[in-house]
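Asks: What follows is a single structure, and I will ask about it in a moment.
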Amino acid sequence: MRNAFGRRLAVRWAAAVQVTLLAVLGTVAASAGTANAVTAPGTVLLSSTASLPSELAPLATGKRIAYVTTNVSGAATVATGLILTPKTGKTNRTVAWGHGTTGLADKCAPSAAQTVFWPEARAAIAALLRKGWTVAAPDYPGLGTPEAHPYLVGASEGRSIIDSVKAARNLDPALTTDYAVDGHSQGGQGALFAGQLAPSYDGSLVLRGVATIAPASNLDLIAPDIPGTPGQGYLVMALYGINAVEPTFKPDTYLAAPAKQKSGVLQSGCLNEILAAYAPLTPEQLVPGGVVPQAVITKLAQYGNPGGTAPSAPILIVQGTADEAVPYAITAGPLMDSLSRYRQPVEFITLDGETHDGAVFASVDTVANWLADRFS
């Protein structure tokens, strides 16, 4: 009975989000791009009480929200997410948490499905809540909304991360303008983009620091080595992420026939199902000739590589040496090289023997303490 009731609530929420998205897009069209309170980034459009995972329920109350953000073209769109308010020791500061890859389908939004509210995310958020910080946890556009998800498009993630902080302040006016960003993997990429976007995008907010664990970066260097590995599903999702912001970019053009035949899993499953579906393919079954086309590599760099512009706050990067998803050499080498060109300090912490997810568990206190120093 409870499961049936939960499904009915989920259906009602999804329908409400779709109606809200259409209303926002209609407002944009009617206003011809002029400023409008309904479409101001961070405006909370829907809010309901959220059930939190058992690791977080004793620490916080939760609201599931739909809020206004903008796409890479600057037009208003709708994203969903969670706002978690600490039950004790609240300091009125906000940290945005950027989650790692969950998938492409609406069912893969962490605010709606605890099955993809990954254990490492719960551990990281718990450490933030124990510091008394309100946590804004966006799903990113297209996860939980009718539009396609721009997977690994950093400017999309970064905008939704910043706007989730604005949404938190709209729900709770006691929150100060001080905020920080913390993220893992895809969310680590988004955190770095948020740091780049902040000076021109966050308005009156004051970004104090950006912490990132095993961030996705230098996608043009990673992609050529993916065919034939267990991570082939990541590349397929990335192609569809580009398509979400550039409809003329057709994923089927760059996938071999066996990979095309598996595309249904992108909507029927989430990360684990997607990886399992594509892992058995040979390189030639993934992409024609077993080689990632240069056109794909160029687009991945265009949309997904952080460090193209100056960060606006100090950065902490944590990386495990046994990471199976984001190569240690990429983070320690090209990413650090690109970020070190700028004036903001960048601290790099190596975790010997830690995996992609293990690095989060191993660094929750280190990251929280580093962020506390930035706030103080």
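What follows is calculated from the coordinates using simple rules that are stated; it is not laboratory data. Predicted model only: the values in this text are computed from it and were never measured. For neighbour counting, all protein chains shown are included, and Cβ atoms are generated from backbone atoms with ideal geometry for every residue, glycine included.
Asks: How many angstrom lie between the C-alpha centres of the range 73-90 and the range 125-190?
Replies: A separation of 6 Å, based on Cα centres.
Asks: If you don't mind, there's one more thing I want to ask. Hey, which of these cross-link pairs are over 18 Å Cα-Cα: Lys90/Lys131; Lys63/Lys166; Lys250/Lys299; Lys107/Lys250; Lys87/Lys131; Lys63/Lys90? It would help to have the intermediate numbers written out before the result.
Replies: Values: Lys90/Lys131 8 Å; Lys63/Lys166 14 Å; Lys250/Lys299 12 Å; Lys107/Lys250 23 Å; Lys87/Lys131 11 Å; Lys63/Lys90 16 Å.
Beyond 18 Å: Lys107/Lys250.
Asks: How far, in nm, would the chain grow between Glu55 and Gln267 when pulled straight, counting 0.36 nm per residue and subtracting the alpha carbon separation?
Replies: Details: separation 212, 0.36 × 212 = 76.32 nm, distance 2.84 nm.
In short, 73.5 nm is gained.
Asks: Right, next: In what order do Ile349, Ile315, Ile161 fall by count of nearby beta-carbon atoms within 10 Å, going from fewest to most?
Replies: Details: Ile349 17, Ile315 25, Ile161 33.
If I rank by nearby Cβ atoms, fewest first, I get Ile349, Ile315, Ile161.
Asks: Taking a temperature of 10 °C and a viscosity of 1.306 mPa s, what whole-number D in µm²/s does Stokes-Einstein yield for the chain with Rh from Kirkwood over alpha carbon pairs? Can you show the working numbers first?
Replies: On the way: Rh = 20.5 Å.
The diffusion coefficient I find is 77 µm²/s.
Asks: Sticking with this structure for a sec: Along the charge dipole of the range 219-302, which of Ala257, Leu281, Thr229 sits closest to the positive end, that is, farthest toward it, with unit charges on the beta carbon of Lys, Arg, Asp and Glu (+1, +1, -1, -1)?
Replies: Ala257
Asks: Let me ask something additional. Just add up the charged neighbours of Pro119: K/R +1, D/E -1, any other residue whose Cβ is under 9 Å from the Cβ of Pro119. All intermediate terms of the calculation are to be shown ahead of the outcome.
Replies: On the way: positive: Arg122; negative: Glu55, Glu120, Asp357.
My count for the surroundings of Pro119 gives -2.
Asks: Report the local net charge at Tyr278: Lys and Arg +1, Asp and Glu -1, summed over other residues whose C-beta lies under 14 Å from its C-beta. Intermediate results must be reported in sequence, preceding the final value.
Replies: Details: positive: Lys260, Lys262; negative: Glu273, Glu284.
Surrounding charge for Tyr278 is 0.
Asks: Taking 0.36 nm per intervening residue step and subtracting the Cα-Cα distance, what contour gain separates Leu46 from Ala329 on full extension?
Replies: Details: separation 283, 0.36 × 283 = 101.88 nm, distance 4.24 nm.
Here the segment from Leu46 to Ala329 would lengthen by 97.6 nm.
Asks: Under a cut-off of 14 Å between alpha-carbon atoms, report the aspartates and glutamates in cross-link reach of Lys260, not counting same-chain residues fewer than 8 places apart.
Replies: Asp252, Glu284
Asks: Calculate the spin-label point distance for Lys250 paired with Arg341, positioning each point 7 Å from the Cα along the beta-carbon direction, and give it in nanometres.
Replies: 3.6
Asks: Charges at C-beta only: +1 for Lys and Arg, -1 for Asp and Glu. How large is the resulting dipole of the range 219-302 about its Cα centre, in Debye rounded to 20? Numbers along the way, then the final one.
Replies: Details: 4 positive and 6 negative charges, 30 e Å.
Its charge dipole is roughly 140 debye.
Asks: Using +1 at the Cβ of each Lys and Arg and -1 at the Cβ of each Asp and Glu in the chain, identify which of Leu335, Gly209, Ile125 lies farthest towards the dipole's positive end.
Replies: Final value for the positive-end residue is Ile125.
Asks: Okay, moving on. Hey, could you grab the Kirkwood Rh for the range 34-183? Inverse mean 1/r over distinct alpha carbon pairs, Å, one decimal. Provide the component values of the computation, followed by the final result.
Replies: Numbers: mean 1/r = 0.0668 Å⁻¹.
This gives a value of 15.0 Å.
Asks: For the chain, with only Lys/Arg (+1) and Asp/Glu (-1) charged at the beta-carbon, what is the dipole magnitude about the Cα centre, in debye rounded to 20?
Replies: Numbers: 24 positive and 26 negative charges, 265 e Å.
Charge dipole, the chain, about its Cα centre: 1280 debye, nearest 20.
Asks: Could you tell me the distance between the Cα centroids of the range 271-339 and the range 196-247, to the nearest Å?
Replies: Each part reduced to its Cα centre gives a spacing of 8 Å.
Asks: Follow-up. Expected output is a single nm value to one decimal: the length gained when fully extending between Ala295 and Asp172, i.e. 0.36 nm times separation in residues minus the C-alpha distance. What is it? The partial results should precede the final answer.
Replies: Values: separation 123, 0.36 × 123 = 44.28 nm, distance 4.51 nm.
Once the chain is fully extended between Ala295 and Asp172, it gains 39.8 nm.
Asks: Quick check on the chain: of the DSSP beta bridges with both residues there, what percent are antiparallel, nearest 5%? Kindly include the intermediate steps, with their values, before the conclusion.
Replies: Numbers: 20 of 45 bridges.
Here the share of antiparallel DSSP bridges comes out near 45 percent.
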